[in-house]
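The values are calculated or read from the model by the stated rules, or taken from the named source; none is laboratory data. Predicted, not measured: the structure shown is a model, and the values here were computed from it. No Cβ is skipped: glycine too gets one built from the backbone with ideal geometry, and neighbour counts run over all protein chains shown. For the accessible areas, the whole protein counts, side chains as well, though only heavy atoms, and no ligand, DNA or RNA atoms are used. Shrake-Rupley method; radii C 1.70, N 1.55, O 1.52, S 1.80 Å.
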Amino acid sequence: MRAIRAETFSGYQGLKLVELPKPAVTDGKVLVRMTAAGVTPLDHTILSGKFHGSKAPLVLGNEGAGVVEDGGGTDFPVGSRVMFFGAYGAFEDGTDSEWVAVRKEDLCLIPDNLDDVSAAGIPVAYLTAQVALTLAGFRAGKTVLAPAIGGSIGNAVTQLARALGAKHAMSSTTNHAKAEQAKALGFNEVIDTSLEKLGDGVRRITSGYGADIVIDGVGGEVLSEALGALALGGNVTTLGYSASRTTTIDVTNLIVPQASIRGLNMFAQPQAAITNAWNVIVSLLKSGAIKPIVAKTFPLVEAVDALRYLIEGRPFGRVVLTI
């Protein structure tokens, strides 16, 4: 089978198209013929040699969609369309290939109203977003901020919070064109930080109240500014660092509002948390309350171009490989 494999963790040039044996089905695993694979910032982090625990050579791809060919039993009969996320592409070979042997507990049936390309970009972003919101104590009526509306986490959190009854589901962008694009797509609480500071935008939208919950997948200066936008008793969850791994925290932004900050590692979440998140997400997908946004697709053989487009082009929406 064809696969895109990182032969070395040396940047884009480390990715090669290779021929590998088709995986065998073993107990507890399901053979999935891949139809699409999501491209994520984690792919770039691993390819750059900056992710703990990954070892080359490694087929990248942390999420994807496909069709069950064998081993699914009655839960996932042959021909079932499925999407999934797990340790794939990080600690074992991933989804940038024609077949993957997937642990049954990682699979989720794709709703009939969703195509495979859209489904391939759902698992990482929406599972992370829903788990983060749950751990943060989200309930209807809360005010939520998730920076970077064009990014996978920012967009997923914003959509989920809005669909689940947030009083305000806010996001941000540093790009005026993206702010206009967000507005055209119906995201009406996006702060254009080329025109105002993040904290000022939050206070404007919430009439001075602030954000009960911040889910940040950006890091760097954005995380620092988001801390200053918290409401009394608010909390921040940090789970990504696409902007920077380092930030400066003004401790009074935690002390004065008696706020808190926590980290989230999706690879460390219990199965029950993932299952509960899938139940919420699938229900909202079926009703149309949330809808993934795909910016561009690339064929598998153009995986290098796809990853470069994601990292350097910074599109609004997901980048997906078609297989």
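Residue-by-condition table, conditions (1) within 22 Å of Ala140 (Cα to Cα); (2) modelled with pLDDT under 95; (3) of a type in the set (Phe, Trp, Tyr):
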position: Ile191; (1), (2), (3): yes, no, no
position: Lys197; (1), (2), (3): no, no, no
position: Asp200; (1), (2), (3): no, no, no
position: Gly210; (1), (2), (3): yes, no, no
position: Asp216; (1), (2), (3): yes, no, no
position: Ser242; (1), (2), (3): no, yes, no
position: Arg245; (1), (2), (3): no, yes, no
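In the list Ile255, Ile213, Ile191, which residue meets the criterion of being buried (at least 20 other Cβ atoms within 10 Å of the Cβ) and free of Cβ contacts under 8 Å to residues at least 24 places away in the same chain?
Step by step, each of Ile255, Ile213, Ile191 is checked, and only Ile191 is buried (at least 20 other Cβ atoms within 10 Å of the Cβ) and free of Cβ contacts under 8 Å to residues at least 24 places away in the same chain.
Please give the number of the condition Glu302 fails out of (1) in contact with a helix residue (DSSP H, G or I) (Cβ under 8 Å, 6 or more places away or on another chain); (2) outside any strand (DSSP E or B); (3) at pLDDT 95 or above.
The one condition Glu302 does not meet is (1).
Give me the strands (runs of 3 or more DSSP E) completely within the stretch 89-177, filtered to those with at least 1 residues that are open to solvent by 50 Å² or more (accessible area, probe 1.4 Å), ordered by residue number.
Ranges flagged: 99-103, 107-109.
Of the conditions (1) in a loop (DSSP other than H, G, I, E, B); (2) within 21 Å of the chain's Cα centre (by Cα), Glu196 satisfies every one except a single condition; which number is it?
(2)
Just one of Leu254, Leu285, Leu307 is in contact with an Asp or Glu (Cβ under 9 Å, 6 or more places away or on another chain) and in a helix (DSSP H, G or I); which is it?
Checking each option against the conditions leaves just Leu307.
Considering each of His44, His52 in turn, give the residue that is closer than 24 Å to Gly240 by Cβ and either β-branched (Val, Ile, Thr) or without any contact (Cβ under 8 Å) to a residue 12 or more places away in the chain (or both).
Matching residue, one of His44, His52: His52.
Please determine, by comparing only the residues of the stretch 63-84 that are outside any loop (DSSP other than H, G, I, E, B) and touching a Leu at 6+ places or on another chain (Cβ under 6 Å), which one is surrounded by the most Cβ atoms within 10 Å (Cβ to Cβ).
Only one residue fits best here, namely Phe84.
Here is a yes/no grid of residues against (1) modelled with pLDDT under 95; (2) part of a strand (DSSP E or B); (3) closer than 19 Å to Phe267 by Cβ:
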| residue | (1), (2), (3) |
| --- | --- |
| Ile4 | no, yes, no |
| Thr8 | no, no, no |
| Thr26 | yes, no, no |
| Met34 | no, yes, no |
| Ala56 | no, no, yes |
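Of everything in the stretch 295-323 that's open to solvent by 50 Å² or more (accessible area, probe 1.4 Å) and of a type in the set (A, V, I, L, M, F, W, C), which residue is farthest from Leu127 (Cα to Cα)?
Val301
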